[in-house]
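Take a look at the structure set out below.
The values are calculated or read from the model by the stated rules, or taken from the named source; none is laboratory data. Bear in mind that the values here come from a model prediction, so they are computed numbers and not experimental data. Cβ sites come from the backbone with ideal geometry, for glycine too, and all protein chains shown count toward neighbours. SASA here: full protein model, heavy atoms, side chains in, ligands and nucleic acids out. Shrake-Rupley method; radii C 1.70, N 1.55, O 1.52, S 1.80 Å.
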Amino acid sequence: MKHIMKSLKDQVMVITGASSGIGLTTAEIAAERGAAVVLAARSERELTDVVARIRARGGRATAVVADVADEQDVMQIARHAMLEYGRIDTWVNNAGIGMYGRLIDQPVEDKRKLFDINFWGVVYGCKAAVEHMRTRGGTIINVGSEVSDRAVPLLGIYSASKHAVRAYTDTLRMELEHDAIPIWVSLVKPGPIDTPFPQHAPNYMEHEPKHAPPVYPPEEVAYAILKCAEKPVREVTVGGGPRLQLALATIAPRLTDGIMGRQMWDDMQRDEPPMSADSLDGPSGEDYGRRRGRQPGHVMKSSAYTRAALSDVGRALPFIAVGALVVAGVASSRR
């Protein structure tokens, strides 16, 4: 059975980590375009405010207070969606947290907690989504990162968790296809995004963290997520800068190590001492309910690369390239 993807206005969409940043932005834009959205996060006050704001604009929204590190909480998100709307069409596993500093300076217990959120939260979300989409069909969108492909210093354990998300996503996709279960699985890989991510992350550096440029707006990630909700996209990197960095890392990994080793310590730290409260054990109350963070300097308005990659022509390019290689191979064999 092949899953036929719906227009956004006909969808019920679950979004975790929806109280700020990428999740909040995606939920608001999806609701503006007609989707019924189920917002999940740990911050009850912010969720209540967002739902009220969406409904005041004529949108459809409901919320569930849930911690994605708790499997039963995640199952409750699905049950709530089914009770409110009777189905789930798209499930977005977006909730996540960073952790700044050298790996050797970070407590093992904190690293485990990060994996509970970033990796096990995706595992639980996928399990709940498959359970409720198995017959009717649907789409799972996992939010990874550019560091799903290339680790960076000072965000090492976060990079490891996003590597794990990619492996889990790829494996789940293959297994669902093998079993003919009509669920499409996408991986969205944002580069540095101007959200409260640095303020929410535990920080073991001597200075306040920031994103390394180029930095993109959360609306660009929301654009990618919502494209994946309507079209079968395997994976997409958000941001032309990150895509070039990944290409360089593939071609010249040792050179990339050297560049990152020289640049990241300055690019990822402000001049002032640490001042943010982390959200590892629960909502810190800092910058929740906001799309944007406190990134100094220039933030890109959009990404021409991402828009091109998600266009119909852009999505067809890999198939065109494969076809060209096959034709070239056949021609060569006939010589």
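For Arg79, are the conditions met, namely being open to solvent by 10 Å² or more (accessible area, probe 1.4 Å), part of a helix (DSSP H, G or I), basic (Lys, Arg) and closer than 20 Å to Ala128 by Cα?
Details: open to solvent by 10 Å² or more (accessible area, probe 1.4 Å): yes; part of a helix (DSSP H, G or I): yes; basic (Lys, Arg): yes; closer than 20 Å to Ala128 by Cα: yes.
Yes.
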- Task: Take the residues in the range 287-315 that are open to solvent by less than 40 Å² (accessible area, probe 1.4 Å) and closer than 23 Å to Leu154 by Cα, then tell me which one is modelled with the highest pLDDT.
- Result: Val299
- (1) over 19 Å from Ala69 (Cβ atoms); (2) assigned to a helix (DSSP H, G or I); (3) in contact with a Phe, Trp or Tyr (Cβ under 6 Å, 6 or more places away or on another chain): which one isn't true of Asp170, the others all being true? (3)
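Which ones in the range 107-119 are in a helix (DSSP H, G or I) and either farther than 14 Å from Ala66 by Cα or open to solvent by less than 40 Å² (accessible area, probe 1.4 Å) (or both)?
Of the residues in the range 107-119, the ones in a helix (DSSP H, G or I) are 108-118.
Within the range 107-119, Val108, Glu109, Asp110, Lys111, Arg112, Lys113, Leu114, Phe115, Ile117, Asn118 meet the criteria.
Out of all the residues in the range 110-132, which are among the acidic types (Asp, Glu) and touching a residue at least 60 places away in the same chain (Cβ under 8 Å)? Spell out how you get there, then give the answer.
The initial filter retains those residues of the range 110-132 that are among the acidic types (Asp, Glu), namely 110, 116, 131.
Scanning the range 110-132 gives a single hit, Asp110.
Return yes or no: is Ala69 among the small types (Gly, Ala, Ser), touching an Asp or Glu at 6+ places or on another chain (Cβ under 8 Å), in a helix (DSSP H, G or I) and open to solvent by less than 80 Å² (accessible area, probe 1.4 Å)? Walk me through how you get there before you give the answer.
Values: among the small types (Gly, Ala, Ser): yes; touching an Asp or Glu at 6+ places or on another chain (Cβ under 8 Å): yes; in a helix (DSSP H, G or I): no; open to solvent by less than 80 Å² (accessible area, probe 1.4 Å): yes.
Against the criterion (among the small types (Gly, Ala, Ser), touching an Asp or Glu at 6+ places or on another chain (Cβ under 8 Å), in a helix (DSSP H, G or I) and open to solvent by less than 80 Å² (accessible area, probe 1.4 Å)), Ala69 does not qualify.
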- Give the residues of the range 15-36 that are crowded, with 24+ Cβ neighbours inside 10 Å, part of a loop (DSSP other than H, G, I, E, B) and touching a helix residue (DSSP H, G or I) at 6+ places or on another chain (Cβ under 6 Å), sorted by residue number. Gly17, Ala18, Ser19, Ala35
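Does Pro196 satisfy the condition of being modelled with pLDDT under 95, buried (at least 22 other Cβ atoms within 10 Å of the Cβ) and under 22 Å from Lys111 (Cα atoms)? Quick ask: steps written out before the conclusion?
Working: modelled with pLDDT under 95: yes; buried (at least 22 other Cβ atoms within 10 Å of the Cβ): yes; under 22 Å from Lys111 (Cα atoms): yes.
Here the answer is yes, as Pro196 does meet what is asked.
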- Query: Within the group Pro232, Pro214, Pro190, which residue is touching a residue at least 60 places away in the same chain (Cβ under 8 Å) and surrounded by 21 or more Cβ atoms within 10 Å (Cβ to Cβ)?
  - Reply: Pro190
- Search result, residues across the range 37-61 that are more than 21 Å from the chain's Cα centre (by Cα), of a type outside the set (D, E, K, R) and outside any helix (DSSP H, G or I): Gly58, Gly59
